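One structure is given here, and the rest of the page talks about it.
The values are calculated or read from the model by the stated rules, or taken from the named source; none is laboratory data. Small disclaimer: the values here were computed from a predicted structure and weren't measured. Here the Cβ positions follow ideal geometry from the backbone for every residue, glycine too, while neighbour counts run over all protein chains shown. Surface areas here come from the heavy atoms of the whole protein model, side chains and all, with no ligands, DNA or RNA. Shrake-Rupley method; radii C 1.70, N 1.55, O 1.52, S 1.80 Å.
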Amino acid sequence: MKLSDYLFVFALLFSFLLLTSAHNHEDFLQCLTLQSEKDKPISNIIYTPSNSSYSSALNSYVRNTRFSTPSTPKPQVIVTPLGVSQIQETLYCAQKHRIQVRVRSGGHDYEGLSFVSPEPFVILDMINLRNIEIDVENNTAWVQSGATLGELYYWIANKSRTLGFPAGVCQTIGVGGHFSGGGYGTLLRKYGLAADNVLDAHLIDVKGRFLDRKSMGEDMFWAIRGGGGASFGVIVSWKIKLVPVPANVTVFTVRKGLEQNATKILHRWQYVAPNIDRDLFIRVLLTGSGFVQYGNRSVHASFNSIYLGGKDKLLPLMQKSFPELGLVSEDCIEMSWIQSILYFAGFQNGQSLDVLLNRSLTVNSYKAKSDYVRQPIPEAALEGIWPSFFEKEAQSSVIILNPYGGRMSEVSESATPFPHRAGVIGKIQYLVYWSEEGTAATKKHVRWMRRLYAYMAPYVSNSPREAYINYRDLDIGKNNKGRRTSLRQASIWGTKYFKNNFQRLVFVKTVIDPTNFFRNEQSIPPLSF
Ligand code: FDA
């Protein structure tokens, strides 16, 4: 066959695919109209590319501009259900017309899996399902998946200043993705993960059934608390246990440069932070500076901390266990727990709590990866990291180390799908940001990240090299496009996120979604596939 013949066949095939997908999408919309209840018309919850508000509906919750380029695949339809029946209708019609569904709560997925797919797809956006009910008498709350962590914290504080919840640091994160992937924040050493504090959940499964903990059964309830929600159904809401926090906590940030012994102090931190009193959480943020001013370069380690108590107790504790940091009274600020949420999110002290209700976030392109540390990293190996901060691509980069221990060590590896528990010193997150557009800039920065990750290999967990599912990283392996991926292939990334729990996740998936309707590049595959 001549080249021109090949091109002709290709063009024919391409227009056929376009036609089929256009039909799918029209049939899908027609199906939704037929299914919808008369008093709940779907027109006000649907966005298609022909709507003037389609772009803003899509992009308001894209948190990584790496996934909002002209060539990024776009959804055929965005559905923003107002209630359970509209989720059920969406799932029914999507299955009938073979369109993939991506569920989006806060849109923070690091690889954009909640709003990008290589197959024709619709986004089921939980934005309208964000109700929060706080029950201070029983120390519980029901929170819908479309709520943000900021909204949750705000409404808890509105009812009580001595109750809190152990979840993430950034206030715009969506509850749906965060809880289903584990979810951690500054209370993790005291109370574990968000997922460890979930008491019940409401979910719609592939058959459209509305299930609670009792009717879904303990296997499925186990799977959605750390196994990633996207493989199992649409989680509508969560019942959570609120935790006691003192009326006053103390925060501090102490910054050390290399010339102030940052490397030695960081090395020592690995022995102190996971073993110290569980009321104390000290994370470290490593940043570079001065790569342009050759000869004047440094790396800074910011020891960023919260203590669940007053500074009168914190100072002697630090003096005894971590004198190397040199913490003094002037470094410490006492405040309420809810103010500490603002402090960690980077707001000024005294700022109104209303900022927690703000859903907008300044976005850039970024790439991230994670690691778990089980043996202290030697000082010489830490020294070996610093030169990467002086490379051009690292202008806007950060490495964040979070200490484990405390409550995290007491929960067994199999209690939830999240397996990184006893024996973990801490977790590392590597992040690089950039604002230049285009694939060349993306490649350059991603390559920098991969070099750093390769450098770290000898010093972090191995067999498997553990990773955190909420810091999604498609470099560690992915499923095939379409419905079929072998267990062996999926185990490559699956054991990194879940260790031995991966097998139980596959079992649960096989029972509840055997045809693999709920799927993405890193969804749990059912056994028959
Ligand atoms: P998004 O809507 O993108 O969903 C993520 C995944 O969950 C997707 O696969 C999606 O399909 C699925 N999903 C979402 N809602 C669902 C539902 N209702 N039912 C079923 N599946 C659903 N993490 C952390 O533990 N601690 C932290 O402090 C931070 N900080 C942080 C800051 C910033 C700026 C970012 C971008 C991210 C974090 N994270 C984090 C990571 C965050 O926890 C992770 O990206 C969550 O999955 C985000 O949840 P969203 O609902 O926002 O994401």
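Just one of the numbered conditions (1) open to solvent by 30 Å² or more (accessible area, probe 1.4 Å); (2) not in a strand (DSSP E or B) is not true of S388: (1).
Residues in the stretch 436-448: is at least one β-branched (V, I, T), in contact (Cβ under 8 Å) with a residue 24 or more places away in the chain and surrounded by 21 or more Cβ atoms within 10 Å (Cβ to Cβ)? So far as the stretch 436-448 goes, no, none of its residues is β-branched (V, I, T), in contact (Cβ under 8 Å) with a residue 24 or more places away in the chain and surrounded by 21 or more Cβ atoms within 10 Å (Cβ to Cβ). Put simply, of L113, L58 the only residue that is outside any helix (DSSP H, G or I), open to solvent by less than 40 Å² (accessible area, probe 1.4 Å) and within 16 Å of the ligand (Cβ to nearest atom) is L113. Within the stretch 84-123, the residues that satisfy the criterion of being under 25 Å from the mean Cα position of the chain (by Cα), more than 24 Å from D212 (Cα to Cα) and of a type in the set (D, E, K, R) are D109, E111, E119. Looking at I240, I204, just one residue is open to solvent by less than 20 Å² (accessible area, probe 1.4 Å), touching a strand residue (DSSP E or B) at 6+ places or on another chain (Cβ under 6 Å) and within 11 Å of the ligand (Cβ to nearest atom), and that residue is I204. Exactly one residue out of N501, N516, N480 is among the polar types (S, T, N, Q) and within 15 Å of the ligand (Cβ to nearest atom): that is N516.
Scanning the stretch 67-89 for residues that are modelled with pLDDT of 95 or more and touching a helix residue (DSSP H, G or I) at 6+ places or on another chain (Cβ under 8 Å) turns up K74, P75, Q76, V77, I78, V79, T80, P81, L82, Q86, E89. Taking residues in the stretch 145-172 that are more than 11 Å from the ligand (Cβ to nearest atom) and among the acidic types (D, E), and partners anywhere that are part of a loop (DSSP other than H, G, I, E, B) and modelled with pLDDT of 95 or more, not one pair has Cβ atoms closer than 6 Å while being at least 6 places apart or on different chains. Would you call T90 of a type outside the set (A, V, I, L, M, F, W, C), within 13 Å of the ligand (Cβ to nearest atom), surrounded by 22 or more Cβ atoms within 10 Å (Cβ to Cβ) and closer than 25 Å to G181 by Cα? Judged against the criteria, T90 is a match. Based on this model, can you work out whether Q489 counts as outside any loop (DSSP other than H, G, I, E, B) and either open to solvent by 30 Å² or more (accessible area, probe 1.4 Å) or within 16 Å of the ligand (Cβ to nearest atom) (or both)? Spelling it out, Q489 is indeed outside any loop (DSSP other than H, G, I, E, B) and either open to solvent by 30 Å² or more (accessible area, probe 1.4 Å) or within 16 Å of the ligand (Cβ to nearest atom) (or both).
For the condition aliphatic (A, V, I, L, M), open to solvent by less than 20 Å² (accessible area, probe 1.4 Å) and in a loop (DSSP other than H, G, I, E, B), what is the one hit in I341, I306, I276?
I276
Residues that are under 30 Å from S302 (Cα atoms), at least 1 per element: which helices (runs of 4 or more DSSP H) completely within the stretch 173-258 meet that?
Those helices (runs of 4 or more DSSP H) span 175-180, 188-191.
Would a scan of the stretch 95-103 turn up a residue that is in a helix (DSSP H, G or I) and away from the ligand (no atom under 12 Å from the Cβ)? The answer is yes; a qualifying residue exists. Every condition in (1) open to solvent by less than 10 Å² (accessible area, probe 1.4 Å); (2) farther than 19 Å from I400 by Cα; (3) among the aliphatic types (A, V, I, L, M) holds for M456 except the one numbered (2).
Within the stretch 32-42, can one find any residue that is touching a Phe, Trp or Tyr at 6+ places or on another chain (Cβ under 8 Å), closer than 29 Å to R209 by Cβ and open to solvent by 60 Å² or more (accessible area, probe 1.4 Å)? There is at least one residue in the stretch 32-42 that is touching a Phe, Trp or Tyr at 6+ places or on another chain (Cβ under 8 Å), closer than 29 Å to R209 by Cβ and open to solvent by 60 Å² or more (accessible area, probe 1.4 Å).
Taking residues in the stretch 174-186 that are closer than 28 Å to D277 by Cα and open to solvent by 10 Å² or more (accessible area, probe 1.4 Å), and partners anywhere that are within 6 Å of the ligand (Cβ to nearest atom) and part of a loop (DSSP other than H, G, I, E, B), the pairs with Cβ atoms closer than 9 Å and at least 6 places apart or on different chains are H178/S105; H178/G106; H178/H108; H178/G168; Y184/G168; Y184/V169; T186/V169.
Against the definition (within 10 Å of the ligand (Cβ to nearest atom), surrounded by 23 or more Cβ atoms within 10 Å (Cβ to Cβ) and within 21 Å of P49 (Cα to Cα)), how does L124 come out, yes or no? It is true that L124 is within 10 Å of the ligand (Cβ to nearest atom), surrounded by 23 or more Cβ atoms within 10 Å (Cβ to Cβ) and within 21 Å of P49 (Cα to Cα). Within the stretch 513-529, residues that are open to solvent by 50 Å² or more (accessible area, probe 1.4 Å) sit with their Cβ atoms under 6 Å from residues that are in a loop (DSSP other than H, G, I, E, B), at 6+ positions apart or across chains, in these pairs: P514/P526; F529/R484; F529/N516. Could you please find all residues in the stretch 135-144 being of a type outside the set (F, W, Y) and either away from the ligand (no atom under 14 Å from the Cβ) or farther than 16 Å from L357 by Cβ (or both)? If the condition is that a residue be of a type outside the set (F, W, Y) and either away from the ligand (no atom under 14 Å from the Cβ) or farther than 16 Å from L357 by Cβ (or both), then D135, V136, E137, N138, N139, T140, A141 are the ones that fit.
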